[in-house]
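The values are calculated or read from the model by the stated rules, or taken from the named source; none is laboratory data. This is a predicted model, so every value here is computed, not measured. Here the Cβ positions follow ideal geometry from the backbone for every residue, glycine too, while neighbour counts run over all protein chains shown. For accessibility, only protein heavy atoms count, side chains too; no ligands or nucleic acids. Shrake-Rupley method; radii C 1.70, N 1.55, O 1.52, S 1.80 Å.
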Amino acid sequence: MAALQKIRSKGVLLVTIIAVALFLFVAGDLFRGLESLFQKSSQQVGEVDGKSISIQDYQKLVDDMQTYYEIAQQKSSFSEDELNRIKDEAWQTYVQQQLIQTQCEKLGLAVSDAEISDIVKTGFSQMLQVPVFMNQQTGRYDFAMVNQFLSEYKKLKESGTQIPETYEKIYKYYLFAQRQIRDQLLTQKYQVLLSQCFLSNPVEAKLVYEGRAEESDLLLAAIPAASVKDDDVKVTDEELTAKYNEDKEQYQQFIETRDVKIIDVAVVASDADKKVTEKEMADAASKLAAATSNATAGNVTRQAASLLPYSDVYKSKDAFPSMISSTLDSTAVGVVKTPSFDPMTNTYYTYKVLGKTTQPDSVLFRQLGVIGKDEADIAKKADSIMTALSAGANFKDIAKKYNQEGDSSWVATAQYQGAALDADNSLYINTIFGMNGGETKKLKLENGSTIILQVLKTANPVMKYNVAAVVKELKFSDDTYSKEYNKFSSFVAENNTLEKIEANAAKSGYTVRPLNDLAASAHGIAGIRATRDALKWVFDEAKEGDVSPLYECGSNDHLLLVALTGVNKEGYRSQEKLKDELTEMVKTEKKIAKIYESAKNVKSMADARKLKDVVVDTIKHVSFSAPAFIASTGASEPLVSALAAKTAKGAFAGPVKGNNGVYMIQVINKTKTDEKFDAKAEESTIAMGNFRNASSTIINSLYMKAKVKDNRYKFF
């Protein structure tokens, strides 16, 4: 009983302890769930209509798209800009597919496997028009080649044999192509369905035809809006609001953007850096002049770490940078070009012409590698082959004897002149391009190999050059970078607000540059490389008025400071953001109204000529369907075209208010083109034109409704 009484006296405490324990137990699961959810969210690269895509899935889309371009363009590497375009295309394709797919599911539209199969068989898709699926004889898509590849791939897979990387890449592409074809066909079905909603009629067809076929030649009197001074018109806030509301739909934006101001410091070489490089170039030029052989001249370029590698072969002029190629013809063999600086490439250069000759641009040849048990045996067999060929033996028959094909192939100058060639490759190229059609040679390489070469045909003789060039980029030194960094770092520390930055930037030699409507989908700020951290700061961390840390970016040659000045949300741009633009539009309208008042009683071209600031000109071939461009006002004016269409030959009409001035016309002549009226064709063209005009609006509406989020900037 005493124990029970003791428990009762501590009841509140026990209940509290149990409650806390239960809470901690439940909370532990809750926190683990929230942590898992957070980790999942942090891996999301974007969202479309509530459906998120992870960084892993997006990267797979990018990889697939890159594989497509590797196969379609037969490239193995891409520049940074090319990769960025591939990433954008993968994202845009994904977003559009999601938007269309959602609508198609509601409409009951789908693509069957049979439809995909039919397209693969016929090749009626751009995705299939790639070299690996082309018949080399016809240059066209060949389904038999696709079947052959799939059969070979299946056999390799079933046998457990290591599948070549090339096969894996092609198979991966084949699957990707099928997915893309399915999505493209679904989009086509959706577009066809939409297109049937846009119709025309015989009345509209007749009016459109006449508006295009009937042309007028005009005598036109124009008074530009610019002839009225800004001080002569006043704009009120009420007028700005009215103009904003009138054109509000034009000010809708579909993604959130940021307005920023930046200071971008491009670090460049100092005078001291230039002197160091100029001395290096002078030394290189001196060594080139002293070089007594091609090999020695080549060593000079290698020791100088030239950007243009030397190979002891003759190259066409286009193999060299323009600053070198432009002077090759005027530079004699043996002459060394005085070191010079090319500002377009930011490089110093000097070169020595080692030789000039005329060689074919392309050569059709075949070859046979001589195989033997030792050097003496190889030499004996090579002599025997040369003797047999001289006696008229068939080259391919001899090649088969040595288990070789002996097929011929073309080699072009462009195939070798961009590569760094060793001594054997240089000798090989020089031999082939130095031979005549029908000539056969025995070639022994430094690696001990012996090759029989036979040139069948040469084509397109051109002038070629053997040139040893030293090309060096003008770079800044570490000391120069440190000085620039320390100077800018001090400026940033002393000016920690946008107001201070703008007040003191010019005094320190810096320029503050506005950059409006920066999008998260941009791959950098102001076209500067490696600014992802700055972009993330702008969109994830900064508030309006904040100033960023100093960023080192570019190719380690830029220093960047960013200030966030505005956030532009999705939806309608604010009137305040558009104030300057609206003010100019209202000013122009008021100027035009002012001019119209002074011209509204004009009844003839003679009276029009007397008006102040009038410009009279002749304009020909004006039709209702093609707005007239007025040079004196710099604007296209649909109302001038409409006025001309309804005015008889010889008659005067106007004035009318245009986009950028007031106009009066006198019709000099009216003509009609020879085009025949086809009502059905006209109706079809009008309907399709209306559909095309509406398509972008439809996609934009779907985009806005889907609340697309693009967070790729957090990862790339």
Considering only residues that are of a type outside the set (A, V, I, L, M, F, W, C) and assigned to a helix (DSSP H, G or I), which ones fall in the range 495-512?
GLU499, LYS500, GLU502, ASN504, LYS507, SER508
If we scan the range 520-527, do we find a residue that is loosely packed, with under 14 Cβ neighbours inside 10 Å and among the small types (Gly, Ala, Ser)?
yes
Filtering the range 288-306 down to residues that are assigned to a loop (DSSP other than H, G, I, E, B) and of a type in the set (Ser, Thr, Tyr), which residue is least open to solvent (accessible area, probe 1.4 Å)?
SER306
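Considering PHE691, PHE652, PHE716, PHE677, which residue is at pLDDT below 90 and aromatic (Phe, Trp, Tyr)? Working first, answer last.
Working: PHE691 fails: at pLDDT below 90; PHE652 fails: at pLDDT below 90; PHE677 fails: at pLDDT below 90.
Exactly one of PHE691, PHE652, PHE716, PHE677 is at pLDDT below 90 and aromatic (Phe, Trp, Tyr), namely PHE716.
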Residue check: is ILE170 over 29 Å from ASP710 (Cβ atoms) and among the aliphatic types (A, V, I, L, M)?
yes
Result of the Cβ filter at 9 Å on the range 690-701, keeping first residues that are among the small types (Gly, Ala, Ser) and partners that are exposed (fewer than 15 other Cβ atoms within 10 Å of the Cβ) and not in a helix (DSSP H, G or I), at least 6 apart or interchain, is ALA694/CYS197
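Suppose the filter is modelled with pLDDT of 95 or more, polar (S, T, N, Q), under 30 Å from ASP479 (Cα atoms) and open to solvent by less than 80 Å² (accessible area, probe 1.4 Å); does SER548 pass it? Break it down into steps so the answer makes sense when it comes.
Details: modelled with pLDDT of 95 or more: yes; polar (S, T, N, Q): yes; under 30 Å from ASP479 (Cα atoms): yes; open to solvent by less than 80 Å² (accessible area, probe 1.4 Å): yes.
Considered against the rule, which asks whether it is modelled with pLDDT of 95 or more, polar (S, T, N, Q), under 30 Å from ASP479 (Cα atoms) and open to solvent by less than 80 Å² (accessible area, probe 1.4 Å), SER548 comes out as yes.
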Quick one: would you say PRO309 is closer than 21 Å to MET463 by Cα, open to solvent by 60 Å² or more (accessible area, probe 1.4 Å) and within 32 Å of the chain's Cα centre (by Cα)?
yes
Does ILE452 satisfy the condition of being in a helix (DSSP H, G or I) and in contact (Cβ under 8 Å) with a residue 60 or more places away in the chain?
no
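Listed here are the residues, each with its yes/no results for (1) modelled with pLDDT of 95 or more; (2) over 30 Å from ALA608 (Cα atoms); (3) open to solvent by 80 Å² or more (accessible area, probe 1.4 Å); (4) of a type in the set (D, E, K, R).
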| site | (1), (2), (3), (4) |
| --- | --- |
| SER151 | no, yes, no, no |
| LYS155 | no, yes, yes, yes |
| ASP183 | no, yes, no, yes |
| SER200 | no, yes, no, no |
| LEU207 | no, yes, yes, no |
| GLY211 | no, no, no, no |
| ALA222 | yes, no, no, no |
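For the range 656-683, what are the residues that are among the polar types (S, T, N, Q), part of a loop (DSSP other than H, G, I, E, B) and surrounded by fewer than 18 Cβ atoms within 10 Å (Cβ to Cβ)?
Kept after step one, since they are among the polar types (S, T, N, Q), are these residues of the range 656-683: 659-660, 666, 669, 671, 673.
Then drop every residue that is not part of a loop (DSSP other than H, G, I, E, B), which leaves 659-660, 673.
Within the range 656-683, just THR673 meets the criteria.
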Within the range 134-148, how many residues are modelled with pLDDT of 90 or more and open to solvent by less than 50 Å² (accessible area, probe 1.4 Å)?
3
Could you look through the range 74-133, keep only residues that are part of a loop (DSSP other than H, G, I, E, B) and among the hydrophobic types (A, V, I, L, M, F, W, C), and pick out the one that is farthest from LYS189 (Cα to Cα)?
PHE78
Return the pair list, or none, for Cβ contacts closer than 7 Å from residues in the range 397-425 that are in contact (Cβ under 8 Å) with a residue 40 or more places away in the chain to residues that are part of a helix (DSSP H, G or I) and open to solvent by less than 70 Å² (accessible area, probe 1.4 Å), at least 6 apart or on different chains.
GLY406/PHE395; GLY406/ALA399; VAL411/ILE432; TYR416/ILE429; GLN417/ALA319; GLY418/ALA319; LEU421/ILE429
Contact list, first residue from the range 593-607 and charged (D, E, K, R), second anywhere and open to solvent by 60 Å² or more (accessible area, probe 1.4 Å), beta-carbon distance below 8 Å, six or more apart or interchain, is LYS594/ASP232
Please go through the range 513-540 and pick out each residue that is part of a helix (DSSP H, G or I) and without any contact (Cβ under 8 Å) to a residue 40 or more places away in the chain.
ASP533, ALA534, TRP537
Total residues in the range 316-368, condition surrounded by 15 or more Cβ atoms within 10 Å (Cβ to Cβ) and free of Cβ contacts under 8 Å to residues at least 12 places away in the same chain:
1
Taking into account only those residues within the range 248-264 that are under 16 Å from GLY571 (Cβ atoms) and among the basic types (Lys, Arg), which is least open to solvent (accessible area, probe 1.4 Å)?
ARG258
Of those in the range 157-173 that are surrounded by fewer than 14 Cβ atoms within 10 Å (Cβ to Cβ) and either among the hydroxyl-bearing types (Ser, Thr, Tyr) or touching a Lys or Arg at 6+ places or on another chain (Cβ under 7 Å) (or both), the residue nearest to TYR68 (Cα to Cα) is THR166
For the range 491-502, enumerate the residues that are open to solvent by 60 Å² or more (accessible area, probe 1.4 Å) and farther than 17 Å from ASP264 by Cβ.
ALA493, GLU494, ASN496, GLU499, LYS500
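Which residues, taken from the range 110-133, are under 30 Å from ALA706 (Cα atoms) and surrounded by 17 or more Cβ atoms within 10 Å (Cβ to Cβ)?
Restricting attention to the range 110-133, the residues satisfying the condition of being under 30 Å from ALA706 (Cα atoms) are 110-113, 115-116, 125-127.
Hits for the range 110-133 are VAL111, ILE116, SER125, MET127.
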Please work out if ILE398 is over 18 Å from ILE429 (Cα atoms), β-branched (Val, Ile, Thr), within 35 Å of the chain's Cα centre (by Cα) and open to solvent by less than 50 Å² (accessible area, probe 1.4 Å).
no
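I'd like to check something: does the range 356-376 contain any residue that is in contact with a helix residue (DSSP H, G or I) (Cβ under 8 Å, 6 or more places away or on another chain), more than 30 Å from LYS464 (Cα to Cα) and of a type in the set (A, V, I, L, M)?
Yes, some residue in the range 356-376 is in contact with a helix residue (DSSP H, G or I) (Cβ under 8 Å, 6 or more places away or on another chain), more than 30 Å from LYS464 (Cα to Cα) and of a type in the set (A, V, I, L, M).
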